[in-house]
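Here's the structure, in structure tokens; my notes come after.
No value in this document is a laboratory result; all are computed from the given coordinates. All figures in this text were calculated on a predicted structure; none of them were measured in a lab. For neighbour counting, all protein chains shown are included, and Cβ atoms are generated from backbone atoms with ideal geometry for every residue, glycine included.
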Amino acid sequence: MFEAYVTNLGMYPERGVEVGEYLRFPTTIEEVQALFSRIGIDGKRYEEYFITDYQSDVLGLYDHLGEYESLDELNFLAHLLEEMTPDELEKLEAVMDAGEYTGSVKDLINLTQNLDCFEFYPGVKDEEELGRMYILEFEALTVPEHLIDYIDYEAYGRDVRINEGGHFAPGGYVFDNQSKFIEHYTGLDDIPEEYRISHVYARDEKEETRSILETIKQFKEAPPVPHKDKTGPSHEER
């Protein structure tokens with residue numbers, strides 16, 4: 001569903017080398033351990049990480065993810081996204097574009113479980129189309145057939161949008177239907193045990209973790225593929 005560029009926080013200021021690698025979510029403990037081995041997070045000298053970039057197939061998701069997110073929360077979010085249908089993902093993208101419940105990963109997790117609090121009309125891109133849909137399809141007004149061509153659909157659609165507090169997203173029109181938003185997820189303790197992957201370090205320090213000098217040498221001789229700046233415009237989306 002998305003990738004995060006995990007970087008060794010301690011090594012960068014100390015050695016001037018950004019040692020990191022993309023981690024694909026959802027992920028497993030084994031994949032995190034292997035990545036930590038490769039970037040030198042051993043739980044002793046180097047314990048902390050931060051995230052310098054995100055890539056996602058979910059439109060706009062990376063705009064709401066930060067540098068110091070919990071890997072456990074990201075993994076839980078990824079599993080929830082993976083369980084959604086394409087239609088649900090499109091609706092989620094529209095709600096996120098409207099800025100609803102996007103202040104934290106916690107908000108996003110709860111949003112995935114409360115999509116029924118929003119109405120979404122795919123493909124409706126402006127007020128005229130909205131007005132036509134409400135009058136011609138929903139029959140919000142009873143209009144004599146001989147007056148159909150004289151209706152200002154744009155003006156009617158504008159009133160609908162204002163009254164509903166609606167938003168035109170890239171995928172369509174969305175608005176809050178005023179249903180009760182339930183906070184299913186309150187914090188890290190609510191994450192199912194099978195999705196917890198962050199409290200690990202390199203698998204076997206003697207056998208698998210490269211020494212600090214070896215790691216630095218490798219990244220200088222064969223730098224990883226440059227990653228995209230999170231704030232830049234070149235993030236990949238579908």
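Applying the Karplus parametrisation 6.51 cos²θ - 1.76 cosθ + 1.60 with θ = phi - 60° to the phi angles of the range 115-130, what ³J(HN,Hα) value in whole Hz is obtained for each residue in order, glycine and proline being reported as x?
Each residue's phi maps through the Karplus curve to give 5, 6, 7, 10, 9, 9, 10, x, x, 7, 10, 8, 5, 5, 5, 5 Hz.
Applying the Karplus parametrisation 6.51 cos²θ - 1.76 cosθ + 1.60 with θ = phi - 60° to the phi angles of the range 137-154, what ³J(HN,Hα) value in whole Hz is obtained for each residue in order, glycine and proline being reported as x?
Once rounded to whole Hz, the list reads 9, 8, 6, 5, 10, 8, 10, x, 4, 6, 10, 3, 6, 9, 7, 8, 5, 5.
Using Cβ contacts closer than 10 Å as the measure, can you line up Y68, Y121 from fewest to most? Could the numbers behind the result be given before it?
On the way: Y68 9, Y121 19.
Taking fewest neighbouring Cβ atoms as first place, the list is Y68, Y121.
Please list 3J(HN,Hα) in residue order for the range 93-108, calculated via the Karplus relation 6.51 cos²θ - 1.76 cosθ + 1.60 where θ = phi - 60°; whole Hz, with x for glycine and proline.
Residue by residue, the range 93-108 yields 4, 5, 5, 5, 4, 6, x, 8, 6, 10, x, 7, 5, 4, 4, 5 Hz.
With an 8 Å cut-off on Cα pairs and a minimum separation of 6 or more residues, tell me the relative contact order of the range 1-98 in percent. Let's see the in-between values first.
Details: 129 pairs, mean separation 31.6, N = 98.
Averaging sequence separation for qualifying contacts and normalising by length gives 32 percent for the range 1-98.
Please compute P(r) over all alpha-carbon pairs of the range 40-95, binned at 10 Å starting from zero, and give each bin as a whole-number percent.
19, 45, 24, 10, 2
List the chymotrypsin sites (Phe, Trp or Tyr not before Pro) within the range 94-152 that fall in a DSSP loop (any state other than H, G, I, E or B) and whose Cβ has at most 12 other Cβ atoms within 10 Å. Mind showing how you got there, number by number?
Numbers: sites: Y101, F118, F120, Y134, F138, Y150; in loops: Y101, F138.
Within the range 94-152, the qualifying chymotrypsin sites (Phe, Trp or Tyr not before Pro) (loop, at most 12 other Cβ atoms within 10 Å) are F138.
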